[in-house]
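Structure, as structure tokens:
The values are calculated or read from the model by the stated rules, or taken from the named source; none is laboratory data. Since we're looking at a predicted model, the values are computed, not measured. Neighbour counts are summed over all protein chains in view; Cβ atoms, including those assigned to glycine, are modelled from backbone coordinates with ideal geometry. These area figures cover heavy atoms from the full protein model, side chains too; ligands, DNA and RNA do not enter into them. Shrake-Rupley method; radii C 1.70, N 1.55, O 1.52, S 1.80 Å.
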Amino acid sequence: MELCLNKVSKRFGAFAAVDAVSLTMTGGVYGLLGVNGAGKTTLMRMLCTLLVPSAGSITYDGQDIFKMDRDYRALLGYLPQDFGYYPDFTVRDYLGYIAAIKGVRPVVARERVAQLIAQVGLEKAAGKKMKRLSGGMKRRVGIAQAMLNDPRVLILDEPTAGLDPNERIRFRNLISALATERLVLLSTHIVSDVEYIADEILLMKDGRILHRGTAQALTQSIGARVWQASVSREAVPQLAKRYQIANMHSAADGVKLRIVASERPTPDAVPLAATLEDVFLYYFGERGGDDHAAL
């Protein structure tokens, strides 16, 4: 399987939400990482045929996905950032309803719904109404509905947004389990969502793919630009104006700073090994995590 974007752009008036993106993806998990407003959702909506590109083409195994029409959508599973549901449907009834919309035969649908309810860990909640579920449970129902047609391509837009750490870990493990013999594209602004499960990470900013590679390759890409400096509290504001501060830890004799900079920020600063969060800070100028969920 091969999903290929060739110089794909999407413009809204003079604004380019996606700007000449060329990308080829095969099987495995791809993490699309960037701050909100980077163009991730627009790109995913085009991959799901919900938006038509202003320029360029998208093909699946050499065929234009828009010409494939329902044949492509039959291969596709999609979890949008905000998916709609009927609040008074139970989990089981909702999934059965979505299966019918997707054209899954009733006998197959009953078996598939039961299988997916168990797979996402919602056996005890299967008879509960959707409006009674926690945020994490609703996201698990969301991924179950995306999997009803056993898709070859699974696209997940900010699937862990608003989840607590335990639910986020559960969701990452679930995605890893579902990735066998599939192409999974997961968008997020949270570094930990893709750091350990993505085979390849795509950094997106201002509608373009800045960099792509494994987590290890991306951390190596910024070179020796991460430092630890022990400074007085009075020195912190000035350093924060000049450099990107990745972390700040108060100590008895001052403050320990983790700084991303192309030069040694203080005379006694020592180099550190870069993490993916340092990479995020270097390329996007922000820390990757919930503190910046509104960006």
Charge tally for neighbours of Gln63 with beta carbon under 12 Å away, counting Lys, Arg as +1 and Asp, Glu as -1, is -4
With a Förster radius of 25 Å, plug the Cβ-Cβ distance of Gln63 and Val108 into 1/(1 + (r/R0)^6) and report the FRET value to the nearest 0.05.
0.45
With springs only between Cα atoms under 10 Å, which of Val279, Val236, Val18 fluctuates most in a Gaussian network model of the chain?
Val236
Simple Cβ-charge dipole of the chain, Lys/Arg +1 and Asp/Glu -1, about Cα centre, in debye nearest 20:
720 debye
Accessible surface of the chain, 1.4 Å probe, proportion on carbon and sulfur as whole %:
49 percent
What whole number of Å gives the distance from the Cα centroid of segment 120-138 to the Cα centroid of segment 22-67?
30 Å
Ordering of 84-90, 25-31 by burial proxy (mean other Cβ atoms within 10 Å per residue, highest first):
25-31, 84-90
Extreme residue, positive dipole direction of segment 153-295, given options Ser187, Leu281, Ile197 (C-beta unit charges)
Leu281
Calculated FRET efficiency, Arg233 and Gln81, Cβ-Cβ r, R0 45 Å, to nearest 0.05?
0.70
Per DSSP H run of at least 4 residues, take -39500 (n - 2.57); add these up for the chain, divide by its residues and hand me the 222 nm value, nearest 500 deg cm²/dmol.
-9000 deg cm²/dmol
Give the lysines reachable from Lys256 as a straight Cα distance under 18 Å; neighbours fewer than 8 places away on the same chain don't count.
Lys241
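Just the accessible area per residue of the chain, please: how many Å² with a 1.4 Å probe?
Details: 14210 Å² over 295 residues.
Result: 48 Å² per residue.
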Only one of the values (i) 39, 24, 15; (ii) 33, 30, 14; (iii) 28, 25, 17 was calculated from this structure for semi-axes √(5λ) of the Cα gyration tensor in Å; name its label.
(i)
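At a threshold of 8 angstrom on Cα-Cα distance, excluding pairs fewer than six apart, so keeping six or more, what relative contact order does the chain reach in percent? Don't skip to the answer; put the middle values down first.
Values: 546 pairs, mean separation 63.5, N = 295.
In percent, rounded to a whole number, it is 22.
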Picking from Ile245, Ala16, Phe83, whose Cα lies most toward the positive end of the charge dipole for the chain (charges on Cβ: Lys, Arg +1; Asp, Glu -1)?
Phe83
